Amino acid sequence: MTRRAALTLALWLGALAACVTVILHTRFSADLSAFLPAAPDARQRVLIEQLKSGVAARTLLIGIRGGDAAQRAATSRALAQRLRANARFEQVLNGDFAPFAAVGRWALEHRYQISPAIDTRRFSAEGLREAIDDTLSLLGTPAGAVVKPVLERDPTGELERIAESAVPLGGPRTHDGVWVSRDGQRALLMTQSRAEGGDLDAQERALQAIGEAFAAVAAPGLQLDLSGAPKFAVDSRAQIRGETMALALTGTLAISALLLVAFASVRALGAAVLPVASGVVAGVATVSIVFGGVHGMTLGFGITLIGEAVDYAIYYLIQARNPTGGEPGWRRWLREGWPTVRLGLFTSVCGFLALAFSGFPGLAQLGVFSIAGLIAAALTTRWLLPLVLPDGTPGVGLRRRLGRWADRLVQGMPRTRHVFTLLGVAALAVLLWRQDRLWQTELSSLSPVSAQALALDAELRNELMAGDERTLVAVTGTDVETVLQRVESVTARLDALVRQGQLAGYEAVTRWLPSQAMQQRRRDALPDAPTLRARLAAATRGGSLSAQRLEPFIDDVQRARTAAPISAASLAGTPVAPIVAALLVQGDDGHTTALLPLVPAVGRDAEGLEDTLQQALRGIDGAHVLGIGDELRRLYRHYLGEAQGQALLGALGVVLLMGWWLRSLPRLLAVCKPLLLAVLLTMAGFTLAGVPLGILHLVGLLLVVAVGSNYSLFMDWLRHQPVADADTLASLLLANITIVLSFGLIALSQIPALSAIGRVVAPGALLALLMSAAYASPSARPRAAGPV
């Protein structure tokens with residue numbers, strides 16, 4: 001081995017080892033937040049933060065079914081007890097309010113800071129009389145059990161007022177002290193993990209802890225149902241990993257069998273694997289370095305590189321054959337074949353370069369992966385394969401038959417060019433006719449979550465949630481105090497909507513953490529001891545509750561007058577800290593956001609409610625009405641529009657690059673026409689089948705252009721040769737068969753993102769080859785020299 005060869009091999013092995021080392025330390029994710037903007041506006045920032053680390057991203061819904069009601073209730077209590085003792089969970093709710101006794105005690109101690117009824121009139125003689133009468137009227141009701149123990153400390157019923165606003169409206173049904181479904185056949189629980197939703201390893205451990213706890217306490221015959229964003233994300237990651245490995249293995253075996261038959265050489269098969277392995281490893285490692293992690297869809301996209309990367313090896317192994325001796329095959333290939341392969345690589349890179357600069361991290365990852373992978377595969381073909389097999393594949397295999405079949409294709413297809421031209425015009429007409437239904441507008445189209453899992457989630461969520469998860473109010477600001485004051489302005493207008501019957505209720509952080517200004521106003525409304533005694537004497541005159549019994553009340557009011565105000569920092573470690581943390585979010589960019597989940601009035605549609613809220617909250621700085629579904633659709637449409645623009649820029653770059661290389665307008669048109677027709681016919685086929693196109697279909701179309709440009713450029717090169725090389729034609733046909741086979745397997749995937757790419761590239765690549773052959777001019781179709 002020469003020094004140059006040894007250096008080349010050493011550099012390749014070193015680069016491969018470095019990439020593998022990076023991959024072993026790579027964090028893989030599966031949440032859809034990677035397909036949201038990297039530089040969001042205020043509304044988008046709220047949505048992204050919630051998808052990554054909000055309550056919804058950390059909440060699991062649990063159902064227990066089977067057995068009888070007593071078994072389900074006992075298991076619910078035992079499971080909740082075990083999970084509350086597990087540090088992985090911040091909250092575990094099952095309808096048992098015993099764990100909330102600490103919240104009640106905290107509220108009792110801070111009632112004069114958080115009660116919405118505190119004002120100067122409340123502590124006037126008339127206000128005290130009305131409040132005490134209202135409280136006494138509750139003694140004969142079920143609420144009397146709560147009121148009576150604290151009557152002498154809280155005769156005005158502030159704790160009752162706090163509880164009324166804090167208890168969700170229309171919550172789950174309760175039976176035997178635990179939540180149950182409406183039909184009573186399922187016990188219900190809800191948990192929130194401490195780890196962020198994006199920490200999938202932690203979420204997986206939380207899911208495992210629930211499973212183990214259930215197995216330890218469940219009575220025979222009971223079954224566990226689990227749903228929620230963490231479950232979806234963990235299952236999606238596992239599905240993507242598992243299916244990616246299965247498809248990669250299946251594709252590798254199928255293509256290896258095909259290449260072994262085609263080459264009739266184990267050495268040639270081994271050499272063909274090198275560019276593929278190099279491309280996939282380099283692509284994953286590069287994405288990990290650039291983005292700090294790899295999304296599961298990007299990892300899945302890696303298997304699609306097998307189809308194109310192996311093309312480079314096929315071109316070399318067949319075209320570099322040297323049956324007649326003389327000039328080494330690798331040297332001849334470098335002179336004749338490599339320039340065309342290199343130009344095809346440049347066009348592919350140019351197409352994917354536009355995606356690499358996308359404002360959406362998920363799309364940018366696909367672009368970076370493709371560029372790095374294709375460059376690594378091409379460089380491996382250029383520098384390593386000549387060392388392994390200097391004269392290409394030594395075997396014959398199917399090469400001769402492939403050459404003859406390809407020659408017949410090149411000679412026969414031009415007779416159909418007019419048919420394809422008419423089909424192209426018809427395809428364009430179909431796309432224009434159906435342009436309003438051409439593109440998919442739902443981000444959920446990227447999700448691998450099954451319909452069955454979504455149905456279970458909807459069922460559990462319907463039983464557990466009283467609020468409208470589709471619409472909420474988000475209030476943003478640069479600091480906590482500003483946000484809290486704005487929330488108080490918002491709640492004043494929401495209260496008006498509640499009184500009008502347009503809204504049933506809402507949740508607000510200021511019920512537990514009022515602004516400093518509000519707390520000061522309430523403190524100022526509290527009278528000193530002598531004044532309060534005098535007013536109490538007047539308020540209780542002639543009543544059943546004497547003023548002398550209310551000295552504990554006077555003492556509590558005086559303590560409240562001098563108590564330190566509640567702050568976000570002072571709540572740390574208190575029972576209400578998780579509640580406030582769920583409703584008040586500190587962003588990474590220094591912004592603070594308060595969330596106000598809504599309970600719509602019965603029969604009120606989400607769209608009408610959103611319009612009403614927009615009108616009601618007009619003029620309040622930082623207040624945004626956030627329709628989750630509409631916002632995701634808006635984001636996706638923006639995402640899709642940006643991707644389409646980038647794809648067009650990439651296509652323009654490809655045309656300019658080929659024009660610069662070919663330096664001939666007729667040649668450029670001849671090269672571009674097959675690619676354009678392949679794309680139009682593929683898109684029209686999907687449209688006629690009633691399948692809307694999405695982001696990943698667009699990526700597939702870029703791959704069609706990348707693969708098809710090789711066919712078209714080689715056909716252009718053959719046009720200017722005195723005799724068409726049978727080996728070159730054989731390599732084009734074999735490369736196309738491997739592409740169609742590999743992407744055909746990917747089209748069978750249960751992961752929508754992968755199947756979308758496969759269903760586009762498999763027919764699109766076949767059409768690109770057929771179009772390239774059909775539009776070869778007569779002078780470009782010399783008879784192939786007989787294979788040796």
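It is to be established whether one or more residues within region 254-261 are part of a helix (DSSP H, G or I), out of contact with any helix residue (DSSP H, G or I) (no Cβ under 7 Å at 6 or more places or on another chain), at pLDDT 85 or above and more than 19 Å from residue 702 (Cβ to Cβ). Yes, the conditions are met somewhere in region 254-261. Count of region 677-687 residues, restricted to those that are of a type in the set (A, V, I, L, M, F, W, C) and farther than 21 Å from residue 370 by Cβ, is 5. When region 215-243 is filtered for residues that are among the hydroxyl-bearing types (Ser, Thr, Tyr) and in a helix (DSSP H, G or I), only 236 remains. Restricting region 446-455 to residues that are at pLDDT 75 or above and in a helix (DSSP H, G or I), the residue that is most open to solvent (accessible area, probe 1.4 Å) is 452. Counting only residues that are modelled with pLDDT of 75 or more and outside any helix (DSSP H, G or I), region 269-310 holds 4 of them.
Would you check if residue 124 is touching a Lys or Arg at 6+ places or on another chain (Cβ under 6 Å), open to solvent by less than 40 Å² (accessible area, probe 1.4 Å), under 28 Å from residue 145 (Cα atoms) and at pLDDT 90 or above?
So residue 124 fails the test.
Results for (1) open to solvent by less than 10 Å² (accessible area, probe 1.4 Å); (2) free of Cβ contacts under 8 Å to residues at least 24 places away in the same chain; (3) closer than 20 Å to residue 576 by Cβ; (4) assigned to a helix (DSSP H, G or I), shown as yes or no for each residue.
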{"residue": "70", "(1), (2), (3), (4)": "no, no, no, yes"}
{"residue": "74", "(1), (2), (3), (4)": "no, no, no, yes"}
{"residue": "78", "(1), (2), (3), (4)": "no, no, no, yes"}
{"residue": "81", "(1), (2), (3), (4)": "no, yes, no, yes"}
{"residue": "106", "(1), (2), (3), (4)": "no, no, yes, yes"}
{"residue": "119", "(1), (2), (3), (4)": "no, no, no, no"}
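How about region 646-687: which of its residues are under 25 Å from residue 358 (Cβ atoms), more than 31 Å from the chain's Cα centre (by Cα) and β-branched (Val, Ile, Thr)? Of everything in region 646-687, just one residue is under 25 Å from residue 358 (Cβ atoms), more than 31 Å from the chain's Cα centre (by Cα) and β-branched (Val, Ile, Thr), namely 655. Within region 138-153, track down each residue that is among the hydrophobic types (A, V, I, L, M, F, W, C) and either part of a helix (DSSP H, G or I) or surrounded by fewer than 18 Cβ atoms within 10 Å (Cβ to Cβ) (or both). Listed by number, the residues that qualify are 138, 139, 143, 145, 146, 147, 150.
When restricted to residues that are farther than 19 Å from residue 81 by Cα and of a type in the set (Phe, Trp, Tyr), region 175-222 contains 0. Looking at 237, 241, just one residue is buried (at least 21 other Cβ atoms within 10 Å of the Cβ), among the basic types (Lys, Arg) and at pLDDT below 85, and that residue is 237. For region 204-229, taking the residues that are within 23 Å of residue 450 (Cβ to Cβ) and without any contact (Cβ under 8 Å) to a residue 60 or more places away in the chain, the one that is least open to solvent (accessible area, probe 1.4 Å) is identified as 211.
Taking each residue of region 646-659 that is touching a residue at least 24 places away in the same chain (Cβ under 8 Å) and looking for partners that are polar (S, T, N, Q) and in a helix (DSSP H, G or I) with beta-carbon atoms closer than 8 Å, six or more apart or interchain, yields 654/347; 654/709; 657/347; 658/347; 658/709. Number of residues in region 688-709 that are farther than 19 Å from residue 369 by Cα and either open to solvent by 10 Å² or more (accessible area, probe 1.4 Å) or over 35 Å from the mean Cα position of the chain (by Cα) (or both) equals 5.
Kindly indicate whether any position in region 753-774 is at pLDDT below 85 and either among the basic types (Lys, Arg) or surrounded by fewer than 24 Cβ atoms within 10 Å (Cβ to Cβ) (or both). The answer is no, given that none of the residues of region 753-774 is at pLDDT below 85 and either among the basic types (Lys, Arg) or surrounded by fewer than 24 Cβ atoms within 10 Å (Cβ to Cβ) (or both). Does residue 391 satisfy the condition of being of a type in the set (Asp, Glu) and surrounded by fewer than 22 Cβ atoms within 10 Å (Cβ to Cβ)? Considered against the rule, which asks whether it is of a type in the set (Asp, Glu) and surrounded by fewer than 22 Cβ atoms within 10 Å (Cβ to Cβ), residue 391 comes out as yes.
Among the candidates 538, 563, 594, 568, which residue alone is within 17 Å of residue 55 (Cβ to Cβ), out of contact with any Leu (no Cβ under 6 Å at 6 or more places or on another chain) and touching a residue at least 12 places away in the same chain (Cβ under 8 Å)?
Numbers: 538 fails: within 17 Å of residue 55 (Cβ to Cβ); 563 fails: within 17 Å of residue 55 (Cβ to Cβ); 594 fails: out of contact with any Leu (no Cβ under 6 Å at 6 or more places or on another chain).
Within the list 538, 563, 594, 568, the selection yields 568.
Among the residues of region 646-668, write down those that are open to solvent by 30 Å² or more (accessible area, probe 1.4 Å) and either within 24 Å of residue 683 (Cα to Cα) or in a helix (DSSP H, G or I) (or both). Once the filter is applied, which keeps residues that are open to solvent by 30 Å² or more (accessible area, probe 1.4 Å) and either within 24 Å of residue 683 (Cα to Cα) or in a helix (DSSP H, G or I) (or both), region 646-668 yields 648, 649, 651, 652, 655, 656, 657, 660, 661, 665, 666, 667.
At pLDDT below 80, touching a helix residue (DSSP H, G or I) at 6+ places or on another chain (Cβ under 8 Å) and under 26 Å from residue 417 (Cβ atoms), is that true of residue 713? Against the criterion (at pLDDT below 80, touching a helix residue (DSSP H, G or I) at 6+ places or on another chain (Cβ under 8 Å) and under 26 Å from residue 417 (Cβ atoms)), residue 713 does not qualify.
Conditions tested, residue by residue: (1) modelled with pLDDT under 85; (2) open to solvent by less than 40 Å² (accessible area, probe 1.4 Å).
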| site | (1), (2) |
| --- | --- |
| 406 | yes, yes |
| 410 | yes, yes |
| 426 | no, no |
| 444 | yes, no |
| 468 | yes, yes |
| 472 | yes, yes |
| 479 | no, no |
| 490 | no, yes |
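Figure legend. Inter-residue proximity from region 270-297: first residues closer than 18 Å to residue 345 by Cβ and open to solvent by 20 Å² or more (accessible area, probe 1.4 Å), second residues outside any loop (DSSP other than H, G, I, E, B) and not hydrophobic (A, V, I, L, M, F, W, C), beta-carbon distance below 6 Å, spacing 6+ or different chains. Indicated pairs: 274/380; 280/302. If you check 196, 212, 164 for being modelled with pLDDT under 90 and outside any loop (DSSP other than H, G, I, E, B), only one passes: 164. Does residue 416 count as β-branched (Val, Ile, Thr), open to solvent by less than 20 Å² (accessible area, probe 1.4 Å) and part of a helix (DSSP H, G or I)? No, not satisfied. From the list 135, 174, 191, 156, the lone residue that is in contact (Cβ under 8 Å) with a residue 12 or more places away in the chain and open to solvent by 70 Å² or more (accessible area, probe 1.4 Å) is 174.
Counting only residues that are closer than 17 Å to residue 93 by Cα and among the charged types (D, E, K, R), how many does region 183-211 have? Total satisfying the criteria: 2. Of everything in region 341-364 that is assigned to a loop (DSSP other than H, G, I, E, B) and open to solvent by 20 Å² or more (accessible area, probe 1.4 Å), the residue that is modelled with the highest pLDDT is 357.
Would you point out which residue out of 513, 503 is over 30 Å from residue 590 (Cβ atoms), open to solvent by less than 40 Å² (accessible area, probe 1.4 Å) and in contact with a helix residue (DSSP H, G or I) (Cβ under 6 Å, 6 or more places away or on another chain)? Exactly one of 513, 503 is over 30 Å from residue 590 (Cβ atoms), open to solvent by less than 40 Å² (accessible area, probe 1.4 Å) and in contact with a helix residue (DSSP H, G or I) (Cβ under 6 Å, 6 or more places away or on another chain), namely 503.
From the list 611, 589, 621, exactly one residue is open to solvent by 30 Å² or more (accessible area, probe 1.4 Å), among the acidic types (Asp, Glu) and modelled with pLDDT of 85 or more. Which is it?
621
The values are calculated or read from the model by the stated rules, or taken from the named source; none is laboratory data. Computed from a prediction, not measured in an experiment: that's the story for all the values here. We place every Cβ from the backbone using ideal geometry, glycine too, and count neighbours over all the protein chains shown. Just so you know, the surface numbers come from the protein's heavy atoms only, side chains and all, with ligands and any DNA or RNA stripped out. Shrake-Rupley method; radii C 1.70, N 1.55, O 1.52, S 1.80 Å.
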